[in-house]
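Encoded as structure tokens, the structure appears first; notes follow it.
The values are calculated or read from the model by the stated rules, or taken from the named source; none is laboratory data. These figures come from a predicted structure and were not determined experimentally. Because the Cβ atoms are built from the backbone with ideal geometry, glycine has one as well, and the counts that use them run over all protein chains shown. Just so you know, the surface numbers come from the protein's heavy atoms only, side chains and all, with ligands and any DNA or RNA stripped out. Shrake-Rupley method; radii C 1.70, N 1.55, O 1.52, S 1.80 Å.
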Amino acid sequence: MRAVRGEILHFTGDPAGGGAESLQHFADGLLIVRDGLVAEAGPADALLAKLPADARIEELRGRLILPGFVDTHIHFAQTDIIASPGGQLLTWLERYTWPAERAFADPSHAGSVAEFFCDELLRNGTTSAAVFPTVHRASVDALFEAALRRRMRIISGKVLMDRNCPDFLCERCEDGELESIALIERWHGRGRLLYAVTPRFAATSTPQQMRLAGRLMGDHPGIHLQSHLAENLAEVAWIRELYPEARSYLDVYDRFGQLGPRSVFAHCVWLDDADRARMAATGAAMSFCPTSNLFLGSGLFDLAKADAAGVRVGIGTDVGAGTSFSMLQTLGEAYKVLQLNGQSLSPERAFYLATLGGARSLYLDDRIGSFAPGREADFVVLDPAATPLLARRSAACETLAERLFVLMMLGDDRAVAETWVMGEPAWRRT
Ligand code: GUN
Ligand code: ZN
């Protein structure tokens, strides 16, 4: 048994309603871990008395301890093209993405990027993520191997694409099926790893492959499905040409049986209310990727409409179109996107979305996203005084909400002092 002592914050519900009962905050708190799981979180004075004499206590007073961040959409194979200026989505894909992803046929390249990528997630306090690799089997193996060694909760699966892409990324539909099945058998449920059927987007799969993706999800209960949806107007127009029979872009995925609990769609910028209602009814989730939407000039995500429809929403960095691995920076940009849409994002809601909200969107809130007893003890230790400016600005704050807001506007990887996975330190700032 071990414990950490510091300021503790986690969510028990969605603060969107404004109720204080959606969070637990212990200014001097103790988080007790047993066998890698949360045993209890509460006020230090009460819990210290209960702790066995030989329990190891880590002293983290002055730091803010939150559940590990959940990044609901990111591309590990785009790590090395982050910050590549390439116009909007479709030209950016051609100019940077396809050439970069080509290199992941090579297991040693895939392996070295996967190592860097997983370390970078941990350096930013992210302990769980839904990740796109490439079409190559080697890319999936590399990512899962790196995550398994670090005991991270990673959801991923081979990208499926069999049209509208260069030859070197284009597969035969039958090969995609056989490889996906082999990878599901090899990886799903191993350690904390989970498989996601990953049709890149409706434009790069034939109807035959789209049907296959829906069938794979149906045939393997418990696996996820991840894709992109309604990110960019030129993309939406292209989808309309490719699938003239569909009512909307979302309807394409729906027709092929891809909507349901554990389906997560990145972007969801250009949807209508019928689409949102359908996502809510089927249990599919949206990943809001603000830095990417700004970087590619895609558009402004509408959180108020997603909320009104009752859709599950998480936050995604979407690296490499996204411009930061930091969920703190991503929350800051989410705030600005919503400002442009005449909406607001409270700091409590923002940190909820980065933790429990993300876990709920992935149907993993029984395992991650909070400090409820029995949850996997993943947490991030933030230093509110990590930089001179953060220290100065944080010192002037009077409320928890103000301090959280400062962290999401000014914080980045420098504010992450430590990241713990399954109750053990996995990364420490030196
Ligand atoms: N749509 C299809 N593929 C991609 C991708 O790699 N990145 C983004 N942002 N959108 C996509
Ligand atoms: Zn993406």
Sorted largest first, extent of the stretch 133-194 alpha carbons per principal axis (Å): 36, 18, 14
Using only the Cα atoms of the chain, each taken as one equal point scatterer with no solvent, compute I(q) by the Debye sum, divide by I(0), and report log10 of the ratio at q = 0.10 Å⁻¹. -0.64
Sort CYS268, CYS165 by accessible area with a 1.4 Å probe, largest first. CYS165, CYS268
Assuming a ≥ b ≥ c are the square roots of the Cα gyration tensor eigenvalues, decide whether the stretch 194-323 counts as rounded (a/c under 1.5), prolate (otherwise, with a/b larger than b/c) or oblate. rounded
DSSP bridge pairs, the chain: antiparallel proportion in percent, nearest 5: 45
Quick check: pseudo-label points 7 Å beyond the Cα along Cα→Cβ at TRP98 and LEU148, how many nm apart are they? 3.3
Relative to the present Cα-Cα distance, how much length would full extension add between THR12 and GLN339 at 0.36 nm per residue of separation? 115.1 nm
Percent carbon-and-sulfur accessible area, the stretch 147-267, ignoring ligands, DNA and RNA, probe 1.4 Å: 51
Under the Karplus relation with 6.51, -1.76 and 1.60 and θ = phi - 60°, whole-Hz ³J(HN,Hα) for the stretch 250-255, x at Gly and Pro, equal 4, 4, 4, 4, 4, 4
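Express in nm, to one decimal, how much length is gained between ARG414 and ASP35 on full extension, taking 0.36 nm for each residue of separation and deducting their alpha carbon distance.
133.5 nm
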Take GLU101, GLU179 and sort them by solvent-accessible surface of the protein heavy atoms, 1.4 Å probe, largest at the top. GLU179, GLU101
What the Cα atoms of the stretch 285-331 span along the principal axes, largest first and in whole Å, is 29, 20, 14
Considering every pair of different Cα atoms, what Kirkwood radius, in Å, is found for the stretch 1-137? 18.3
Amide H neighbours of CYS289 under 5 Å, at least 5 residues apart or on other chains, H built in the peptide plane: list them. HIS267, GLY316
Where a ≥ b ≥ c are root eigenvalues of the Cα gyration tensor, a/c under 1.5 meaning rounded, otherwise prolate if a/b exceeds b/c and oblate otherwise, the stretch 282-430 counts as oblate
Ratio to report: Rg/Rh of the stretch 255-370, with Cα atoms as the point set and Rh obtained by the Kirkwood method; give two decimals. 0.94
In terms of the Cα gyration tensor, with a ≥ b ≥ c the square roots of its eigenvalues, is the stretch 67-141 rounded because a/c is under 1.5, prolate because a/b exceeds b/c, or oblate? oblate
Quick check: Cα centre of the stretch 66-135 to Cα centre of the stretch 261-322, how many Å? 19
Relative to the first principal axis of the alpha-carbon coordinates of the chain, what is the inclination of helix 233-242, with its axis defined by its Cα atoms, in degrees from 0 to 90 and to the nearest 10? 40
On the formula 1/(1 + (r/R0)^6), with r taken between the Cβ atoms of ARG429 and GLN208 and R0 of 60 Å, the FRET efficiency rounded to 0.05 is 0.75
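If r is the Cβ-Cβ distance from ALA27 to ALA281 and R0 is 25 Å, what FRET efficiency results, to the nearest 0.05?
Efficiency, from the Cβ-Cβ distance: 0.05.
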Quick one: 3J(HN,Hα) in Hz for the stretch 181-190, Karplus 6.51/-1.76/1.60 with θ = phi - 60°, rounded, Gly and Pro as x. 4, 5, 6, 4, 5, 6, 10, 5, x, 7
Determine the dipole magnitude for the chain: charges of +1 sit on the beta-carbon of Lys and Arg, -1 on that of Asp and Glu, nothing else is charged, the reference point is the Cα centre, and the result goes in debye to the nearest 20. 440
Which whole-Hz ³J(HN,Hα) couplings does the stretch 82-92 yield from phi under the Karplus relation 6.51 cos²θ - 1.76 cosθ + 1.60, θ = phi - 60°, glycine and proline marked x? 4, 6, 10, x, x, x, 8, 3, 5, 6, 4
Report, to the nearest 10°, how far helix 207-219 tilts away from the longest principal axis of the Cα atoms in the chain, using its own Cα long axis and a range of 0 to 90°. 40
Relative to the longest principal Cα axis of the chain, at what angle does helix 327-340 sit, 0 to 90 degrees, rounded to 10? 70
GNM result for the chain, Cα springs below 10 Å: residue of LEU37, LEU169, LEU233 fluctuating most strongly: LEU233
